[in-house]
Every structure is written in structure tokens, then in C-alpha cells.
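**Q** The structure follows.
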Amino acid sequence: MPTRCLALLLLLAPACAATTPARAAQELRDAAPARQTSVTGMLGLVSLDVTDVELDPALGEVDDVDDETLPFLGALWRQPLVGRRLLLGWETGFTLGWENDVQAVVIDSGTTAVVAENDFLLADAFVGASVELPLGRRLRLVAGAGPLLQFARVDAEWNDSVLGAVDANESGFGLGVYARGGIELVRAAGTSFGLALRYTDSSVEPGGDIEQVDFRELAWVFTATRGW
């Protein structure tokens, strides 16, 4: 009996030795996150803070602008490039905010304080660096930051004590920066869902009656991602 057991062990030993490295390598590949290209859809609410509005001096000046919360949507394309546990890469995408009505106080050409009704339509395109950090097999942290190109259309209306009805309608482009961070729940077949925060700071110079507008936005975002 001992002789038979020893012979059996000698027969099985080469097979075990051959399969063990392959199995270990497969386990390492399973544990490491895949560098997947992914597309993310974004839907959420953004808190809009118009920090400064500069009018044509002949029309007066804006004294104060109310904050506003509005829905927005967007999408981004993400490509990890290097790393095993911490994945570094780049991303690009866009966001679009619903047109909204924001009230402001204007010191008009007659130095009278009047209430102005302002409609803002905002959109941006961005490109930046991205980071992914898996937390186990089902969770991962994601972040990104970089420059953006901001588009804004502003339609401001008020009754000037000297000029009468004023309608300043201008649009233009400007530059800014963005940063985002969130957490995702990874599902089967490369799909994940998450929550994120996104911050932007930008300035637009439409020209004409509205010389410059500065924006800050903080968005609470629901994300859905598909990787391949």
C-alpha cells in the first residue's frame, strides 16, 4: 500500500506543479482591475453661483445675483492608461444645464436699484486627467480634473429709471477648470452605478451689453457607466 501511494503521488506531482503557476497567474489577473475604456452618463442637480456680472457702464452695474439650483446632464469618456491597482488615464466629455431664471439687483443708469430677470443657459466641454482606485471587487473611487471650455447665454431684462426697458441678450465662450470625485458600485459585465460631486469655476466674456460673467457650480451627480 505505501508503494502504491508513493507511485500515485509521483504521477500527480508534475500535473500539480504545471497547473499551480497558471492558476496563480489567473488569480492575479482576476484580482487586478481591468484597464477598461468606459462611457459614463451623468444626471443631477447643480448649484449655480454667479459670482460677478460686468455690464456695459452705460447700463449700470449688477449689485447682487441670487443663487439657483437647476438640473443638468452630461457624459464623459474615460481611458485608463497605466497602473495595476491605481489606474491613471485621461477623460473628456460635456455637460449641459437647463435654462433657468435668476433674479439680480441692478444699479441702473440713474443709480436706482432695480430687480433684473436673468436667464442663463450653460454648457461646457472638458478634458483632463482621471484616476480609478478599486476598493475590493465591487467598489471603486473615481476622480478627474482639468481645464474646460465654458459656453454661456445670458438674457437680462429690467426697467431702467432713465433708459426704460432694457434687454441685454448676449452669448459667448470662456475658459475654466473642473474637478470631480465619486464612488461607483461595479456590477456584472462592465456596468457600474455611482454618486459623485463636480465643481467648476469659469469666466465668460460675451461682449456687447454684458462684458463678463463669472460662474461657480457645484453639482450632485448620479452616474451610470459602461466599460468594455
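We did not get these values from a lab; they are worked out from the coordinates using the rules stated. From a predicted model like this one, the values you see are computed outputs, not experimental measurements. Cβ atoms come from the backbone with ideal geometry, glycine included; neighbour counts cover every protein chain shown.
**Q** Give me the Å³ per residue figure for the convex hull around the C-alpha atoms of region 34-227.
**A** Taking the convex hull of the Cα positions in region 34-227, it is 85 Å³ per residue.
**Q** Okay, moving on. Suppose the chain between residue 195 and residue 226 were pulled fully straight at 0.36 nm per residue; how much longer would it get relative to their current alpha carbon spacing?
**A** Residue separation times 0.36 nm, minus the Cα-Cα distance, leaves 9.7 nm.
**Q** Let me ask something else about it. Can you work out the Karplus-derived ³J(HN,Hα) for every residue in region 194-210? Use 6.51 cos²θ - 1.76 cosθ + 1.60 with θ = phi - 60°, whole Hz, and x for glycine or proline.
**A** x, 10, 8, 10, 9, 10, 9, 9, 8, 9, 10, 10, x, x, x, 5, 10
**Q** What does the charge add up to near residue 186, with Lys and Arg as +1, Asp and Glu as -1, over the other residues with Cβ less than 10 Å from its Cβ?
**A** Around residue 186, the surrounding residues sum to +3.
**Q** Rounded to whole Å and sorted largest first, what semi-axes of the equivalent ellipsoid does the C-alpha gyration tensor of region 145-228 yield via the square root of 5 times each eigenvalue?
**A** So the equivalent ellipsoid measures 39, 13, 10 Å along its semi-axes.
**Q** Something else about it: Give me the net charge for the shell around residue 218: Cβ to Cβ below 11 angstrom, other residues only, Lys and Arg +1, Asp and Glu -1.
**A** -1
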